[in-house]
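Inspection log for the structure reproduced underneath, given as structure tokens.
Readers should treat all values here as calculations from the given coordinates under stated rules, not as data from a laboratory. These figures come from a predicted structure and were not determined experimentally. Note that each Cβ is placed from the backbone with ideal geometry, even for glycine, and that neighbours are counted across all protein chains shown.
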Amino acid sequence: MDKINIAVLGLGTEGKHAVKSLLDYGNHVYGSDLNNDINLSELGHEDLDIDLGMHNIAKINSADAVVLSPGLWHTNIAKSIIKENKLLSDVITAHRSIFTIAVTGTNGKTTTCYMLNDILEKSGLNVLLGGNAGGGFDGYTKLILEASENKYDVMIVEVCDMTLDYASYIFNIDMVIVTNIGYDHMGYHVSLENYRKSVCKFLKGKKQAILNGNDSLLIKCVNCAHKTFLFDLNHRKLKLFGEFNQENASGAFKAAELLGISPKFINKVLSNFNSVKGRTISINFINSKIIIGKTDNHDAAAAVFNEAKMDVIIIGTPRKSENHRYSILKEVKVAKPDLVVLFPGLEDTTDIAKEILKTEGYNGEICILDEVSQVVELALKCTKKYKTIFIGGNGQKKIMSIQNTLNEISKSINNY
């Protein structure tokens, strides 16, 4: 691919990942955002030109292609760029010719993507995996660029539920897996019914849809795609923790089966699949276990709490503005742990979380930690007294760091 001048409009999570990918592939980049308060220190590069607080129309017009943040998708500036065929996905189009599987839903997207990727790669296919930067991948732009550089048989794209219209335009999607519809990003969707309608719209025109047959909202979407297949909760041999991972495996199984891979081979691959970094795992200590992983919404927390009686629940708190994420605390109250520990996850909103717990009627002990570094020490102390400790909530990077540390400590103890 020839190196070109590209404008990136919107420098949120997806936009920053787009800038980084474009620079990594040797392109010249102009980036802009109406927000003045954006940390771009990690993007320092001689081929990067930045404007904050404004979009320079002259620079945008002079670019060979434009990348739009998904948040700008329904704006007038987006409509203009699409009309002029200057969107990066319309300028560089190799990705459109690859058989593309989109995986979306509230929870389980990343694990399902990696499971399916493992099956397809081990079957001999060359697979390009990526997508939603908020989910831990390198963003949608990275897929467009990589597909133009190398040959792939299949592309698996994790699609955030807030970017369904965006992804539907950017990629030619042949197959869609929807893991579930749950209570997350309600500031965007407003209601679960609106979310369901967005999923149905996303499925329109798609050749094959694979839906979780245990999700009542998804059952209402069976007529949205050209062909729809439902997957059930089939228990199979897995290394992973939790019933929810059995559902993820069932979704990946159905997709692979439709692609002609034998059930016996699929199950063999799934039986050896290891947990995705940062997702929920169970770490064994001498007389107890710590269950830890990404559970940043109501449904994810409920799914984990249904697996075992949690004696201690340690929760990373959300941003002050993310009111819907505080619903995790309702599930904490229902779980009735002896001790709840709050630590700053995405923001230090521990005082708000404590008041919500009290309002919900939680009567157990509440402890507040000021620093993430204190979580490991407290969790280890709890293993001396309690059987099951849970660590999760918001603040994925922090939780992953805690998970890595506890994993290493557990290995050293068990190998002693």
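Values as computed for the structure displayed
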item: Packing-based exposure ordering (other Cβ within 10 Å, fewest first) of Met310, Met162; result: Met162, Met310
item: Summed side-chain charge close to Leu52 - residues other than Leu52 whose Cβ falls under 10 Å, Lys, Arg +1, Asp, Glu -1; result: -3
item: The chain - charge dipole about Cα centre, Lys and Arg +1 at Cβ, Asp and Glu -1, debye rounded to 20; result: 1440 debye
item: Neighbour net charge for Asn272 - beta-carbon separation under 10 angstrom, K R +1, D E -1; result: +3
item: FRET E, pair Asn85, Lys268, Förster distance 51 Å, beta-carbon r, rounded to 0.05; result: 0.65
item: Angle between the chain longest axis and helix 350-360 axis [Cα atoms, degrees, rounded to 10]; result: 60 degrees
item: Dmax and Rg, reported as Rg then Dmax, of segment 84-166 (C-alpha, Å); result: 12.6, 42
item: Between helix 192-203 and the chain: long-axis angle, C-alpha atoms, 0 to 90°, nearest 10; result: 40 degrees
item: Dipole of the chain, positive end: most advanced residue of Asn85, Ala225, Ile38 [Cβ charges, Cα centre]; result: Ala225
item: Residues Cys224, Cys113, Cys367, sorted so that the one with the fewest Cβ neighbours within 10 Å comes first; result: Cys367, Cys224, Cys113
item: Candidates Thr106, Thr405, Thr179: whichever shows maximal mean-square fluctuation once the chain is modelled as a Gaussian network with Cα springs under 10 Å; result: Thr405
item: Segment 1-133: relative contact order in percent, alpha carbon pairs under 8 Å with at least 6 residues between; result: 23 percent
item: Within segment 283-416: Cβ-based charge dipole about Cα centre, in debye rounded to nearest 20 (Lys, Arg +1; Asp, Glu -1); result: 340 debye
item: Student exercise, segment 94-271 dipole from Lys, Arg, Asp, Glu Cβ charges, in Debye to nearest 20; result: 440 debye
item: 10 °C / 1.306 mPa s Stokes-Einstein diffusion coefficient of the chain, Kirkwood radius on C-alpha pairs, µm²/s; result: 70 µm²/s
item: Cα-based helix-to-principal-axis angle, 396-414 vs the chain, degrees rounded to 10; result: 50 degrees
item: Qualifying GluC sites (Glu not before Pro) for segment 95-200 [loop in DSSP, other Cβ within 10 Å: at most 11]; result: none
item: Highest-fluctuation residue, Gly392, Gly15, Gly260 considered, GNM on the chain with Cα pairs under 10 Å; result: Gly260
item: Gyration tensor over alpha-carbon atoms, segment 281-414, equivalent ellipsoid semi-axes in Å; result: 22, 16, 13
item: Over segment 5-90: Rg over Rh, Cα atoms, Kirkwood Rh; result: 0.92
item: Over the chain, relative contact order from alpha-carbon pairs under 8 Å, at least 6 apart, %; result: 12 percent
item: Largest-first principal axis extents, alpha carbons of segment 122-253, Å; result: 41, 37, 28
